[in-house]
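Worksheet for the structure shown next.
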Amino acid sequence: MKNRRWLIVISYLVMFAMILGACAPKAEPTATDAPPAPEATDVPDAPTDVPAPTAEPVAAEPEPAEITFWHAMSGSRGDVINAIAERFMEANPHIKLTAEYSGSYAETLTKALAATRSGTPPTIVQVYEVGTESMLDSGAIVPVYTLNKGEVDWADVVQPILKYYSKDGELYCMPFNSSTAMVYYNIDMLEAAGIDVGTPPTTWAEIEEYSLKVIEAGLAPGGFSMGWPAWILEQTYAMHDQLFADSDNGRGGLATEVYLNSDFGVKVLTEWQRMADEKVLVYGGREYSANDPFLAAQFPFLIQSTSSLGGILGKATFKVGTTFLPRLDGDYPKGNSVVGGGCLWLMDGTTPAQQAAAWEFFKFINTPAETIAWHKETGYFPATNTAYEQLKAEGWFEEEPNHATAFNQILGGADTPASVGVLLGNFVQIRDIVGAAIEDVVVNGVDPKTALDKATADSNQVLSDYASLLK
Amino acid sequence: MQTRFPNRVMPYLLLAPMVVVVIIFFIFPSVESLQLSFFRVSPLGDRRLFVGFENFIRLFTKPDYLNSLWVTARFSVFVVFVGLATSMVVAVVANQRLRGFSFYRALLIWPYALSPAIAGLVWGLMMNPNFGLGSILLKRLTGIEFNYLTSSTSALLFLGLAATWKMFGYNIVFFLAGLQGLPTELLEAASLDGAGGWIKFWRITFPLLSPTTFFLFVMNTLYSFFECFGLVHITTQGGPGQATNLMVFNLYKDGFIGMDTGFASAQSIILLILVAVLTLLQFRFAGSKVFYQ
């Protein structure tokens, strides 16, 4: 009798388990075909029975359209995007814009290409800088320059951003969330260690020196950490005007080899390895996971994307300072930090009405008001000079000097092929290869030259495979 | 005695849904994977190049993939043996008639209610090197630095523990069911003959439990090969370096992040063959030792 009751309990639990398992959140967001009703609710994904606005013909209104916008902005940035979408639909009642979070950058790119392959592309997709070459070669996009009938002055787009997403002088996607990397530091901790924060570090050697002071004073167990280490390595190349790949970083034609195992690359990783051995460099994962220990005062310096600025300033319990990326000692030419972040691509296979609506959206986000709001709420660059001037005029940068750092860094750099940013076929895979190589060096103690030789060979293989498919 | 369906079509109709499901979700994709594994495919899938066995040759000459095989093998052995051993011990203990044990038994099954991704989230937070309660306690109590982000050994051990814990409940449910089904006469007879708990366990319980153990052996092997993807994806992402790059995660990276469909298809074929062979071997060797009452 008792046994039987016991079995019943088990079967209930198993059923409970299965139900829970089925309810567990999936990485993939459910694609809702139902467009949201802009005025009915502020929940962006709520399905609705409200018919398309074709029911109310307005003579002067342009053709109604429904467009989808796939993005990779989770958390607070996703909320900002939803707010933009709502403002846009208020201003353009004939357009229904569905903004959908479609996973990480890599997942968003994969999904967009898969959807295109099956004939149901999203109208607009946000692709990170690494996906640029793949998008250019995909043949699945409509370049934004073809849409511009003189309404938008591209010259107003901040130069390094414009250059990054241009090919042969034409802009291919709509700049949206551009960022670069910079150094964040914990002012309180540095002051406690007796360091003059009026002169923040400018070189790797100074970062190391200050870190050691902090560690010796027992203020923190480590010195610095990095977000997106493979990207920071690319940034370091560009900062010292070193080419990362042939054909002028892939800007003058398809790149066929990377210069990872160059003397410069080996030197950087040797430095990193040495600092990791000294416990100055604290390895912090491949994306944003280094932010948490920085906020928990585990180390005084963090090298991270500017897009984390909003989050870090909001959460830090100490005073945060920011400064330019460090340079290596030695006689290296001046370069620049590279633009990262994302760009909005218009997909082919969409209807002319959708493309027109997408262009309306692009123009909308390019207005100074939207550009400024986006910058203030996230820390991404204000992408146009007009917006930048307005921000300056209203005294924003004096009020929030940390928001000016990255901008001053990128505008103060040299304009050389090596500092425009790398374009590589299947860059996503190469990023991963480089990321693993860096981990092997700083975590697993592999010899830098050995790790980079292997990463170079693997990356070159990726490039030649990529090229073989374009013929 | 055989019963006959009154209708000749009926059996086929009843079988049809399953056959359709198997064809759509198993046969068809497998055939397509097999075909794709001989091609190099562009990210958009619109251009493909026949490359013969190149994908397979590259896989087996690539140190990263060989490493992935080795990592998977160690992970799998850990999950299967440690998982089965601990859950069997716990099941035997939980099977005793003690006050309040029905409550504990119910609790033991809970981890199974979680998907691997959630298990990863829980363990990732608990063992977070900076603010995880688990890692801080471990350091305070034993001085051991457990950092799954920066230590290859910690990372693999961490994954193994999380994966084992997640499967714990499942194993215990089956072991308990198996234990409940054991004939009590044998154990009582042994007690009368003066056999102690240890001898009773090894001579009677363990052999009689072998069908359950064998079933769980196969299930845990499949689990460690295929289902731990979510765990890796949430926590270590295959790192540091290649230390936790399980085969199934490597496949995901190449296929869905790198968009190298041909290469990933070749890996899926290898995974399929490997698991098929392993399961056959298990049935062949372990299966023959199983004692069915």
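Near A:K163, which lysines are there with a Cα under 26 Å away, not counting those fewer than 8 places off in the same chain? Leaving aside lysines fewer than 8 places away in the same chain, those within reach of A:K163 are A:K149, A:K334, A:K363, A:K376, A:K392.
Ranked highest first by average number of other Cβ atoms within 10 Å, how do A:117-130, A:179-192 line up?
Working: A:117-130: 20.8, A:179-192: 22.4.
In decreasing order of mean packing, A:117-130, A:179-192 become A:179-192, A:117-130.
Peptide B:109-117 has a mean of 5 when you count, residue by residue, the C-beta atoms of other protein chains within 10 Å of its C-beta.
Net charge around A:V320, counting only other residues with Cβ within less than 15 Å of its Cβ (Lys, Arg = +1; Asp, Glu = -1)? Please list the in-between numbers first.
Numbers: positive: A:K315, A:K319; negative: A:D188, A:E191, A:D292, A:E399, A:E400.
Taking every other residue near A:V320 into account, the sum is -3.
Over the Cα atoms of segment A:291-387, compute the convex hull volume and normalise it per residue, giving Å³. The partial results should precede the final answer.
Details: hull volume 16.2 nm³, N = 97.
In segment A:291-387, the Cα convex hull volume per residue is 167 Å³.
Take each peptide in A:416-428, A:302-314, count the other Cβ atoms within 10 Å of every residue, and average; sorted highest first, the result is A:416-428, A:302-314. Proximity of backbone amide H atoms, modeled 1.01 Å from N, is registered between A:V142 and A:L346, A:M347, A:D348 at under 5 Å, excluding neighbours fewer than 5 places apart on the same chain.
Only lysine pairs 8 or more places apart, or on different chains, with alpha-carbon atoms under 27 angstrom apart are counted in chain B, and they number 4. Couplings 3J(HN,Hα) of segment A:279-284, computed from phi: 6, 6, 8, 9, 5, x Hz, in residue order, whole Hz [Karplus 6.51 cos²θ - 1.76 cosθ + 1.60, θ = phi - 60°; x for Gly and Pro]. Surface burial for A against B, with a 1.4 Å probe and both sides summed, reaches about 3800 Å² of accessible area.
Keeping the other protein chains in place, figure out the carbon and sulfur percent of the accessible area of segment B:1-131, with a 1.4 Å probe. Don't jump to the answer; show the numbers that get you there.
On the way: 6130 of 8450 Å².
So the carbon and sulfur contribution to the accessible surface is 73 percent.
Per-residue Karplus couplings for segment B:79-87, computed as 6.51 cos²θ - 1.76 cosθ + 1.60 with θ equal to phi - 60°, are listed in order as 4, 6, 6, 5, x, 5, 4, 5, 5 Hz, Gly and Pro entered as x.
Which whole-number percent is the relative contact order of segment A:232-282 (Cα, under 8 Å, 6+ apart)?
Taking the mean separation of contacting Cα pairs over the length of segment A:232-282, I get 23 percent.
The mean sequence separation of alpha-carbon pairs under 8 Å and at least six residues apart, normalised by the residue count of segment B:1-155, gives a relative contact order of 7 percent.
Quick check: the angle from helix A:75-91's long axis to the longest principal axis of chain A, C-alpha only, nearest 10 degrees? Long axis of A:75-91 versus the principal axis of chain A: about 40 degrees.
Taking the alpha-carbon distance from A:K279 and a cut-off under 16 Å, which lysines remain once sequence neighbours fewer than 8 residues away in the same chain are dropped? Cα-Cα hits under 16 Å: A:K213.
Angle of helix A:448-470 to the longest C-alpha principal axis of chain A, folded into 0 to 90 degrees and rounded to 10: 30°.
Karplus-based coupling profile of segment B:273-286, in residue order and whole Hz: 4, 4, 5, 4, 5, 4, 5, 4, 4, 4, 5, 5, 9, 5, with θ = phi - 60° in 6.51 cos²θ - 1.76 cosθ + 1.60 and x standing for Gly or Pro. Among the chymotrypsin sites (Phe, Trp or Tyr not before Pro) within segment B:232-293, those in coil by DSSP and having at most 14 neighbouring Cβ atoms inside 10 Å are B:F291, B:Y292.
Between B:V77 and A:A353, what is the FRET efficiency for a Förster distance of 60 Å, r being their Cβ-Cβ separation, to the nearest 0.05? The computed FRET efficiency comes out at 0.55.
How many partner chain Cβ atoms sit within 10 Å of a residue's Cβ in peptide A:103-109, on average, as a whole number?
Numbers: counts 0, 1, 1, 5, 2, 0, 4.
If you average over the peptide's residues, the count of other-chain Cβ atoms is 2.
Around the amide H of A:L171, modelled in the peptide plane, lie the amide H atoms of A:Y145, all under 5 Å away and 5 or more residues distant in sequence or on another chain. Within a straight-line Cα-Cα reach of under 22 Å, A:K471 can be paired with the following lysines, leaving aside sequence neighbours fewer than 8 residues apart in one chain: A:K167.
Across the options A:T351, A:I312, A:G340, the greatest Cα extent toward the positive end of the charge dipole of segment A:309-391 (unit charges at beta carbon of Lys, Arg, Asp, Glu) belongs to A:I312.
Axis of helix A:427-442 versus longest Cα principal axis of chain A: the two differ by about 30°, to the nearest ten degrees.
Under the combined filter of DSSP loop state and at most 16 neighbouring Cβ atoms within 10 Å, segment B:24-64 retains these chymotrypsin sites (Phe, Trp or Tyr not before Pro): B:F53.
Apply the Kirkwood formula to chain B: the hydrodynamic radius equals the inverse of the mean of 1/r over all pairs of different alpha-carbon atoms; give it in Å with one decimal. Walk me through the numbers on the way to the answer.
Working: mean 1/r = 0.0451 Å⁻¹.
Computed over Cα pairs of chain B, the Kirkwood hydrodynamic radius comes out at 22.2 Å.
Solvent-accessible surface, computed for protein heavy atoms with a probe of 1.4 Å, shrinks by 50 Å² or more for the following residues of segment B:142-157 when the other protein chains are added to the isolated chain: B:L149, B:T150. Amide H contacts of A:K96 (H built 1.01 Å from N, in plane; Pro and chain starts excluded): A:A65, A:E66, A:I67 sit under 5 Å, all sequence-distant by 5 or more or on other chains.
Using a 1.4 Å probe on the protein heavy atoms, what percent of the accessible area of segment A:186-302 belongs to carbon and sulfur? Each step should come with its number before you reach the end.
Numbers: 2050 of 4130 Å².
On segment A:186-302, the fraction of accessible area on carbon and sulfur atoms equals 50 percent.
Over every Cα atom in segment A:143-202, the radius of gyration and the widest Cα-Cα span, Dmax, amount to 19.6, 58 Å.
Which whole-number value in Å² is the accessible area per residue of the protein assembly as shown, probe 1.4 Å?
Values: 34680 Å² over 764 residues.
Using a 1.4 Å probe on heavy atoms only, each residue of the protein assembly as shown averages 45 Å².
Across segment A:145-242, the fraction of Cα-Cα pairs farther apart than 22 Å, rounded to a whole number, is 51%.
Give, in whole angstrom and from largest to smallest, the semi-axes √(5λ) of the equivalent ellipsoid of the protein assembly as shown, with λ running over the eigenvalues of the Cα gyration tensor. Before the final figure, lay out the partial values.
Working: eigenvalues 481, 232, 143 Å².
They are 49, 34, 27 Å, listed largest first.
Restricting to Cα pairs below 8 Å that are 6+ residues apart, what does the relative contact order work out to for segment B:117-161? Please round to a whole percent.
On the way: 41 pairs, mean separation 10.0, N = 45.
22 percent.
The values are calculated or read from the model by the stated rules, or taken from the named source; none is laboratory data. Note that the coordinates shown come from a computational prediction; the quantities given were computed from them, not determined experimentally. No Cβ is skipped: glycine too gets one built from the backbone with ideal geometry, and neighbour counts run over all protein chains shown. These accessible areas exclude ligands, DNA and RNA; they are computed on the full protein's heavy atoms, side chains included. Shrake-Rupley method; radii C 1.70, N 1.55, O 1.52, S 1.80 Å.
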